1. Would you tell me which residue of chain B has the beta carbon closest to the rotation axis bringing chain B onto chain A, and how many whole Å away it is?
2. Shielding of A:53-62 by partners, i.e. mean partner chain Cβ atoms within 10 Å per residue?
3. Would you mind checking which residues have amide H under 5 Å from B:Arg149's amide H? H placed 1.01 Å from N; only 5 or more apart, or other chain.
4. Per residue of the range B:59-68, in order, report the coupling 6.51 cos²θ - 1.76 cosθ + 1.60 (Karplus, θ = phi - 60°) as ³J(HN,Hα) in whole Hz, putting x for Gly and Pro.
5. Starting at the first residue of the range A:79-88, write each ³J(HN,Hα) from the Karplus equation 6.51 cos²θ - 1.76 cosθ + 1.60 with θ = phi - 60°, in whole Hz, x for Gly and Pro.
6. If you put a point 7 Å past Cα along the Cβ direction, how far is that point for B:Gly54 from the same point in each other copy, in nm, smallest first?
7. For every other residue with a beta carbon closer than 13 angstrom to the beta carbon of A:Asp92, add +1 if it is Lys or Arg and -1 if Asp or Glu, then tell me the sum.
8. Counting only protein heavy atoms and using a 1.4 Å probe, what share of the accessible area of chain B belongs to carbon plus sulfur, as a whole percent?
2 protein chains.
Amino acid sequence: MVQLLKVQNFNVSSDGFGAGENQSRERPFGHADPATMFSWAGATASWPNRTDPGGSRGLDDYMTRDFANNIGAEIMGRNKFSPYRGPWENHDWQGWWGEQPPFHTPVFVMTHYQRPSLRLSDTTFHFVDADPATVLDQARNAAQGKDVRLGGGAATIRQFLDADLVDTLHVAVSPIELGGGSRLWCAPEELDDRFHHDIVPSPSGVTHHLFWRR
Amino acid sequence: MVQLLKVQNFNVSSDGFGAGENQSRERPFGHADPATMFSWAGATASWPNRTDPGGSRGLDDYMTRDFANNIGAEIMGRNKFSPYRGPWENHDWQGWWGEQPPFHTPVFVMTHYQRPSLRLSDTTFHFVDADPATVLDQARNAAQGKDVRLGGGAATIRQFLDADLVDTLHVAVSPIELGGGSRLWCAPEELDDRFHHDIVPSPSGVTHHLFWRR
């Protein structure tokens with residue numbers, strides 16, 4: 001059984017930034033406004049954080065609906081997990097997602113700073129200091145035959161792309177410019193030498209870029 | 001828990017026919033050439049009948065990948081199940097799909113002609129003579145909280161649309177004209193008074209029409 005490594009619903013600005021500058025506890029995406037960046041996803045029926053009924057069931061919903069489909073583990077960078085940098089001062093910070101994180105699988109957080117695993121509902125965060133190939137091996141074992149999601153941020157996705165470990169990417173490009181921050185690419189076509197590439201404009205205003213290995 | 005009734009991956013020609021004229025055992029889609037109509041789906045990695053590895057993982061694959069997602073039962077017309085019309089002469093015909101049908105759920109076949117239920121691997125076909133609302137109730141009970149797929153053909157989908165029982169539709173329009181056969185619509189815009197409607201052209205040449213209730 002092939003276990004893919006998949007980027008799903010990763011959002012960047014039209015100039016290729018996954019988050020703005022000066023990320024902080026108050027501004028998880030730095031100077032980027034998440035309400036604008038992610039409005040396409042929040043409008044869908046299948047958005048994992050949706051609490052009220054309703055929501056759209058068109059193209060964008062196919063993207064959010066696929067978020068958990070056959071996914072058995074996630075890998076994320078430390079900067080997706082936390083706004084703090086350097087050694088952990090304590091273990092009070094438990095991620096952005098409250099008591100019920102939307103992952104429902106093991107999550108491997110890449111960090112140079114050791115920390116005990118953390119269980120919140122049906123999500124368990126493991127903190128690992130290792131190279132991408134090693135972390136991917138750990139995540140695949142934990143995924144029990146299912147695929148592995150690569151959750152970001154941009155620098156973490158770049159690491160795995162540089163190691164040629166990514167099988168598919170779905171990146172939603174929002175029609176806003178950030179001018180600076182955490183960069184995924186200068187242009188999506190940078191990946192065309194290694195990946196097939198469907199470009200799918202959505203009525204919501206974002207453009208979905210879908211890549212899979214050549 | 002809402003249990004949707006969903007049309008998924010239903011294919012029509014550019015002039016709105018789901019199958020051609022003169023359906024027979026040798027020509028399940030009548031004068032329509034299934035190789036041309038469905039080539040977009042067969043090229044994807046997630047096509048349920050795929051036996052060889054590989055396949056595309058772009059936009060079209062999101063559509064085929066969603067086929068079994070949270071589906072607990074299917075409803076189909078008798079003309080999808082069988083090329084024969086009128087009373088069953090015997091029970092030798094067991095559908096088009098061999099010993100391992102791709103449904104993996106209960107399937108409710110709408111027919112005026114009674115016949116015992118038929119189990120093939122993890123698919124069980126039930127033959128029911130009832131109106132759409134009654135059949136949908138039966139399928140929802142069998143689906144155990146999951147959604148119900150409305151599998152076609154075109155006349156069966158029309159019956160459920162006329163009874164206003166359909167929640168979402170995905171119809172793939174292939175760039176070929178049939179000129180006659182089993183008609184779903186004259187134009188997709190016929191549904192716009194009751195449904196939101198995303199129109200999504202695919203690089204493969206088909207156009208995906210995605211509808212959900214207003």
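1. B:Tyr62, 2
2. Values: counts 1, 0, 1, 4, 13, 13, 7, 2, 5, 11.
Going residue by residue through A:53-62 and averaging, the value is 6.
3. HN-HN under 5 Å from B:Arg149: B:Lys6, B:Gly72, B:Ala73, B:Glu74, B:Ile75.
4. 3, 4, 5, 4, 6, 6, 5, 7, 3, 9
5. Couplings: 6, 7, 6, 8, x, 8, 10, x, x, 5 Hz.
6. 4.7
7. Working: positive: A:Arg25, A:Arg115; negative: A:Glu89.
That works out to +1.
8. Values: 4670 of 9540 Å².
After summing per-atom areas, the C and S share lands at 49 percent.
The values are calculated or read from the model by the stated rules, or taken from the named source; none is laboratory data. Fair warning: this is a prediction, and the values are worked out from it, not measured in the lab. Quick reminder, even Gly has a Cβ in these numbers, built from the backbone with ideal geometry, and neighbours come from all protein chains shown. The protein model used for the area step is the full one, side chains on, heavy atoms only, and it has no ligands, DNA or RNA in it. Shrake-Rupley method; radii C 1.70, N 1.55, O 1.52, S 1.80 Å.
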